[in-house]
Amino acid sequence: MIKLGVNIDHVATVRQARQTDEPDPVWAAVEAELGGADCITFHLREDRRHINDRDAELLKRTVATKLNMEMSANAGIVRAALRLKPQQCTLVPEKREELTTEGGLDVVRHRRRLGPVVKKLKREGITTSAFIEPDVRQIVAAAECGFDALELWTAGYTDAASEQRRLEALAQLERGVDAGHDHGLIVHGGHGLTYRNVGPVAAIIGFSEFNIGHSIIARSVFVGLREAVREMKRLLDTTAMQHLALLEADEFWQADGEED
Ligand code: PXP
C-alpha cells in the first residue's frame, strides 16, 4: 500500500493571513493522523511564510507517525533541521517569489553543495530525500550524493496540457521509479496530486509514499481534515487493490493458458 504524507503548510497559510494563532498546524497534524496519515510533511521556508520555528518544534514533539521536513540547502535551515531531527528531510529548491515549489532540485548542478548537507543529516539518523524531476541523470546524481530516497516531481503529469503529454509524463514517472530502485533508492512522489488525478500515478508499482497538500487542505474546508485524509487514503488503497486484482487475473489467465 502507498503511504500518505499530508502536507499541512496551508493550514499555517490561513493562520498567517491574519497573523493570529488559528488554525494551528499542530492541531492539523493530529487530525491528519486520526484520518490515517502515515506521515506529516511541512516546509520550513527561509522566509517562514507559513510554518514557523514554533510549529516545527511542536510538530517534532507531537507527531506520532513520521515527520518529513521539506527544506532548502540554506545553511540556517540545515542548522534548524539538525537541531530538530525530523525522521526525514526532503531537499527542495526554494525561491522567495514562488507560490509553491517550482520543479525539482537540480542535483546534477548542485551536487557539490548537496553532498555535505546529506552527510550531516544522515549522521544525525535522518532519512534524506531529494525532490527531483523523473530524469535519469538527476536520479543517478541523487544516488551518488548519498540520498536515501527520491521524491519524484509529479507536476509534469498533473499539469500536462494534452492527453499525449499526460501519458508521456506517466511513462516518465514509471521509468523514474524503476531507475530509482535500480540505484537502491526509496521512491516517493508528490506535487499537484488531487483526488481527481492521483489514480494513474498510484497505479504505478513502486511508489512508497505520496506527499499531498493543497488538494487535501482544500477538501478539508468542506468535510474536515480527518475525513479529507480518510478519503485520500481510501482512494490510494482502492487503486492498490484494483492493481492487485488485475495482477492476479493476469496470473490466472497465464496459468490457464499454460494448462491448455
Ligand atoms: N512535495 C513537495 C516536495 C512539495 O514542495 C510540495 C508543496 O509544498 C508537495 C509535495 C505538495 O504539493 P501539493 O500542495 O501540490 O499537493
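Read-outs: derived from the displayed coordinates by stated rules, not from any lab. Remember, it's a predicted structure, so these values are computed and weren't measured experimentally. Note that each Cβ is placed from the backbone with ideal geometry, even for glycine, and that neighbours are counted across all protein chains shown.
Numbers for the structure displayed
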item: Nonlocal amide H pairs with Phe131, under 5 Å, H built at 1.01 Å; result: Leu91, Leu105, Glu151
item: In degrees, nearest ten, helix 107-123 long axis to first principal axis of the chain (Cα); result: 70
item: Principal-axis tilt of helix 214-223 within the chain, Cα atoms, nearest 10 degrees; result: 90
item: Protection-proxy order for peptides 41-51, 109-119, each taking the mean of Cβ atoms within 10 Å per residue, highest first; result: 41-51, 109-119
item: Value at 222 nm in deg cm²/dmol, rounded to 500, when DSSP H runs of n ≥ 4 in the chain each add -39,500 (n - 2.57); result: -17000 deg cm²/dmol
item: Relative pair counts by distance (%), Cα atoms of region 93-233, 10 Å bins; result: 12, 38, 35, 14, 1
item: Rg/Rg_ref, the chain, where Rg_ref = 2.2 N^0.38 Å and atoms are Cα; result: 1.03
item: Inter-probe distance in nm under a simple model that places probes 7 Å from Cα toward Cβ, at Glu248 and Arg113; result: 5.0
item: P(r) weight above 15 Å for region 30-93, C-alpha pairs, percent; result: 46
item: Helix 53-62 axis, angle to the chain major axis (alpha carbon atoms, nearest 10°); result: 60
item: Euclidean distance of C-alpha centroids, region 98-148 and region 1-49, integer Å; result: 23
item: 21 Å tail of the calculated P(r), region 153-235, as % of Cα pairs; result: 32
